1. Between 532, 305, 413, whose Cα lies farthest towards the positive end of the dipole of the chain when Lys and Arg beta carbons carry +1 and Asp and Glu beta carbons carry -1, centred on the Cα centre?
2. State the Kirkwood hydrodynamic radius of region 130-169 in Å, one decimal place, computed from all pairs of distinct Cα atoms.
3. Please list 3J(HN,Hα) in residue order for region 493-498, calculated via the Karplus relation 6.51 cos²θ - 1.76 cosθ + 1.60 where θ = phi - 60°; whole Hz, with x for glycine and proline.
4. Normalised by the empirical 2.2 N^0.38 Å for globular proteins, what value does the Cα Rg of region 41-109 take?
5. Might you report the magnitude of the Cβ-based charge dipole of the chain about its Cα centre, with Lys and Arg at +1 and Asp and Glu at -1, to the nearest 20 debye?
6. Taking the Cα centre of region 437-544 as origin and charging only Cβ (+1 Lys, Arg; -1 Asp, Glu), how large is the dipole, in debye to the nearest 20?
7. Quick one: work out the % antiparallel among DSSP beta bridges in the chain, nearest 5.
8. Per 5 Å bin, what is the whole-percent P(r) computed from every C-alpha pair distance within region 437-544?
Amino acid sequence: MTHMNLPPSRRDFLKASALGVAGAGVGATAISSRRAAADMGAKSARQKAAHRQRRVIYSDDGATLRYGEPTLKSYLSRRLDHVVDTHVDTVYFNTTMWDDRYSHYPDPKVGEFLLESATTRDGEWFHFANRYRMLTEKEGKDVLQLSLEFCESHNLEFFWTLRMNDVHDIFEVRNRCRFKQDNPHVVLGRPGAIHYPHTDHRHYWSVLDFAQEAVRNRRLGVIKDVLARYDVDGIDLDFMRHPLFFDSVRHGKPASGAELDIMTGLVRKVRQQVLAASDRRGRPLLLSVRTPVTVELCNHVGLDIETWLAEGLIDVLVVGCGYMPLTMPAKALIDLSHKHNVPAYPCISHSGLKPPHAIPEAWRASASNLFADGADGVLTFNLEYSVDRGRFKFHDILKTIGEPPVMADLDKMYGVDWTVAGGYMHHAVPNNGTLPCTLKLNKEAGLTSLPVSDDVAAAERAGKLKAIELRVETEGLGAGDKVDLFLNGQKLQDVQREGRLLTCNPPVAAIKRGRNKLGVTMTARTDDAASAPQLTDIQLWVRYKS
């Protein structure tokens, strides 16, 4: 793949760092000048690396060896082959499995190989872990090194991503990792039943307590070890997997000022590690973080993103968990990131675009909206290939969502997101105005705005527009119930009803480029309705002539 703006090479970095050295004297002034020139060159190289082209960052989920044979060919065919010759410029590679267990080496200095605490009692998870061991022994290299070399050979930037507080060990494997077994005080609760997903965060007892210095040091040790062993281009701290770090938040309260300071102190130390590794390697390694989608939600879970940006602690910001891809309020955080000259990449997750939204048209609508909000690119999450997800046409998605001009005249499906209910994520997601939404007589449904980035009026003038269709799905409407639809205050005519589905073709003039107000009001109610009616899905299709 050819990149428009490649990261600086090691030679370029050293050359930039040495500016002004030749011909300098040996006095204090000359030494000071050389140091200033070196600092300026290093800063310039870091900025160039931070702002390289990243149309799509592909972040995988790390569980691909659950399927197929433990061979390199099978592994790459399911984990990385599908990103080649697409808009993917960067890979974020996850090796975190069940918190302090990792798939990236069989003999770690910090943390443990994922097979060590798994037993045959864990069923499929034991065999899944064993496949990583078999592949490593067969190839003489672990999955992190093999994947890094694959990305190097295809000119793809490569970050190792660390899940800061993974909770999968609560409901996927029976045994706790050694770190938790040996240090029971580092977790926020005590073993108990968990029914996934659960609305009460207290049931997520196994999450690490970042108020404990031992926990923070454990994270620093793992990062330091990876930086020493692998020639990665950067480190990504994934605070969205999972956003529970303090007991206050686990009990439904916002993080305190002291807790915000604790996390900022940790990020400062990670920054120092990354800068030290950059000096050793002679090129800029970058630090990325993934946080909630708004400053308020970041603060709630304990992440002082405003301070991190103001202090220059991070080079790349990934915005959100991707569970609200169609209506994500990302613009304010994107703008804040740009204010501090840090590129921002909102996340789109397969978990947020579940069927019937798991289609290329919905991915394009989500990405198009985010680019319109100023995104430098997008990050995809959970869009890994597997036996049951191959039908989602990965290349149709990854070949179109990274360049707005490519998406401009392609069909899109805009819509309203579903509520993230329960589980370990709902406190970090803006659920206001989401679906399902209860309909009440003569009262407009409280929906969020409906973003539409396409200029449908311009497309119609150019003769490119084929059709616009609004599809509103309901549940519980009686045969005689009546529902009116409005778009930006204009009542929509010729609304057809077929069972649960309301459809119409809105006039182009009713659709704004940007955030639209969709109104849904039940104006008549009959006694034959079995239950309180609800809106369950909203889709606005914009189709173009082929």
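1. After comparing all options, I get 305.
2. This gives a value of 11.9 Å.
3. Along region 493-498, the couplings run 9, 6, 6, 9, 10, 9 Hz.
4. Details: Rg = 15.6 Å, N = 69, 2.2 N^0.38 = 11.0 Å.
Dividing the Cα radius of gyration by 2.2 N^0.38 Å gives 1.42.
5. The dipole of the chain has a size of about 920 debye.
6. So the dipole magnitude of region 437-544 works out to roughly 460 debye.
7. 50 percent
8. 2, 12, 23, 24, 17, 10, 7, 4, 1, 0
Coordinate-derived values only; no laboratory data. Keep in mind it's a predicted model, so treat the numbers as computed, not measured. All Cβ positions, even for glycine, are placed from backbone atoms using ideal geometry, and neighbour counts span all protein chains on display.
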